[in-house]
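Notes follow the structure.
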C-alpha cells in the first residue's frame, strides 16, 4: 500500500523505485517530494499538486486524480505540448526533451531548433482553445498563472520567482516530468556555480559602483521599473540601482515639473536600460529614446556621453518574441556576464542579450536555419570564463 501524503492510500504498488532525486535549493514557488514509485510537485503559487506516477509501477494503471487541487500524470511523459506564449522552451532544450514536444500553440518562440522542428512537421501548431486537441497530449504546459481546468494542464511559472537563480531552478520542475532529474541537477549546478563565480569576482572591485536605471516609456509616461530579479542582477554585477528612496515613480513628458525631475535623476545615472515595448525593435534607436524622453538639453547625461544606453532585445524572433524571456531565464549566468560588461566595459566580451542603443547596435533575428545541432540530444549550457 502506498499513501499519498494527505490524499489517501492505494493498494498494490510494485517495488519499482524512483531512480534520481532533485532537491529544490533556491526556488520558493515549487517543491518536489518523493515516494518509492511516485513524486509530488507542489505549486506554492496556487496550492495545486501534480502527482507523478512511474509508468512501470502497478499504481500507474490504477490511480487517476483530476480535482481542483490534484492532478496525476504518468511519467516519463510519452509526449507533451506547450502554450508557447511567453513560455521559455530553452528549459526543454537543456533537458533534451524536444523530441517529445509534439504541439505548440504558436510559432512565437525564441528557439531556432523548435522553429526547425515545427517547420519540418515534427511539431504541430494548434489553437490554444482547441480542447479536443489539447486532450490528446499526456501533458500540456502553460505559464498562464490562471487556474486551468483541464486534467492534463500543468503550470510552469519560473517568472514568478524574485531572483535569477530561483527562476533557473525551474529546470528541476520540468525534469521531474521526464525522469530527467540527473540532467536537471547537472545543468542547474553548472549554471549556479558559474553565476556565483561571476558575482563573487565583482565583489572584489574597488572602483565606484555605476548607477543603473531600468526604465520604460508608455503613453507619454516614463517609469523606473523595479522588478526584484532585475535589481538583483545589477547588484550581482557590481552596480547600484537608481536611488530606491525616490518616492515618485511615474513621469509625464507633457508635465514640465515631471520632465525637470526626471532630467535631474537621469543626470545621476551611468547606465540606462530602456525596456520600452515596441513592435519595431529594428527601428527603435537612440533617436527614438530621446524623442520619447522629450528633453531638449541632455548634455549632463553621462550614460549618453559614455555610450551606455542599452536594450535587452538583442535576440528576437519575428520582431515580437524576445529571447530575454526564454533563454535568459534558463541561463542567467549569460545575463550576469552581459551586465558586467555593460557596467565595466572591456571590449573583449560580446553580449548575448543586451544591445547598445547608444552605439546604434541593432537586434539579430532568430531563424530556424541557425539550428546547427542534433535536436535529439540535450543542449549544453554556455559557461562563461570566470577567474
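The values are calculated or read from the model by the stated rules, or taken from the named source; none is laboratory data. Just so you know, these numbers come straight off a predicted model, no measurement behind them. Neighbour counts run over all protein chains shown; Cβ positions are idealised from the backbone, glycine included.
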Note to self: Going by what's in this entry, would residue 110 be described as in contact with a strand residue (DSSP E or B) (Cβ under 6 Å, 6 or more places away or on another chain), part of a loop (DSSP other than H, G, I, E, B) and at pLDDT 95 or above?
What the structure shows: yes
Notebook entry, point to check: Counting only residues that are in a helix (DSSP H, G or I) and in contact (Cβ under 8 Å) with a residue 12 or more places away in the chain, how many does region 302-314 have?
Noted result: 3
Next item on the list: Tell me, please, whether a residue that is loosely packed, with under 14 Cβ neighbours inside 10 Å and closer than 21 Å to residue 162 by Cα can be found in region 247-269.
Entry: yes
Note to self: Go through region 225-243 and report how many residues are surrounded by fewer than 17 Cβ atoms within 10 Å (Cβ to Cβ) and within 30 Å of residue 21 (Cβ to Cβ).
What the structure shows: 1
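Results for (1) in contact with a strand residue (DSSP E or B) (Cβ under 6 Å, 6 or more places away or on another chain); (2) on the phi < 0 side of the Ramachandran plot; (3) part of a strand (DSSP E or B), shown as yes or no for each residue.
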position: 289; (1), (2), (3): yes, yes, no
position: 296; (1), (2), (3): no, yes, no
position: 300; (1), (2), (3): no, yes, no
position: 316; (1), (2), (3): yes, yes, yes
position: 324; (1), (2), (3): no, yes, no
position: 328; (1), (2), (3): no, yes, no
position: 334; (1), (2), (3): no, yes, no
position: 340; (1), (2), (3): no, yes, no
position: 351; (1), (2), (3): no, yes, no
Next item on the list: Go through region 28-41 and count every residue that is crowded, with 19+ Cβ neighbours inside 10 Å and assigned to a strand (DSSP E or B).
Entry: 6
Next item on the list: Could you identify the single residue in 56, 6 that is modelled with pLDDT under 90, at negative phi, in the same structural domain as residue 129 (by TED's automatic domain parsing) and not in a strand (DSSP E or B)?
Entry: 6
Item checked: Among the candidates 86, 159, residue that is in contact with a helix residue (DSSP H, G or I) (Cβ under 8 Å, 6 or more places away or on another chain), surrounded by fewer than 23 Cβ atoms within 10 Å (Cβ to Cβ) and either in a loop (DSSP other than H, G, I, E, B) or on the phi > 0 side of the Ramachandran plot (or both) -> 86
Margin query: Checking the structure you have, find out if any residue of region 203-224 is surrounded by 18 or more Cβ atoms within 10 Å (Cβ to Cβ), in contact with a helix residue (DSSP H, G or I) (Cβ under 8 Å, 6 or more places away or on another chain) and assigned to a helix (DSSP H, G or I).
Written below: no
Next item on the list: Mind listing just one residue for me: the one in region 45-57 that is within 24 Å of residue 169 (Cβ to Cβ) and out of contact with any strand residue (DSSP E or B) (no Cβ under 6 Å at 6 or more places or on another chain) and, of those, surrounded by the most Cβ atoms within 10 Å (Cβ to Cβ)?
Entry: 54
Check: When residue 71 is evaluated against the numbered criteria (1) part of a loop (DSSP other than H, G, I, E, B); (2) farther than 20 Å from residue 364 by Cβ, which criterion, by number, is the only one it fails?
Finding: (1)
Note to self: Just to be sure I understand the filter: pairs with C-beta atoms under 8 Å, separated by 6 or more residues or on different chains, first member in region 261-272 and in the same structural domain as residue 240 (by TED's automatic domain parsing) and under 11 Å from residue 243 (Cβ atoms), second member in a loop (DSSP other than H, G, I, E, B) and modelled with pLDDT under 95. Which pairs pass?
What the structure shows: 265/242; 265/243; 265/246; 268/242; 268/243; 269/242
Next item on the list: Run down 99, 93 and say which single residue is more than 23 Å from residue 365 (Cα to Cα) and either in contact (Cβ under 8 Å) with a residue 24 or more places away in the chain or in a helix (DSSP H, G or I) (or both).
Entry: 99
Check: Here are some residues: 168, 60, 154, 150. Which one is buried (at least 22 other Cβ atoms within 10 Å of the Cβ) and touching a strand residue (DSSP E or B) at 6+ places or on another chain (Cβ under 8 Å)?
Finding: 154
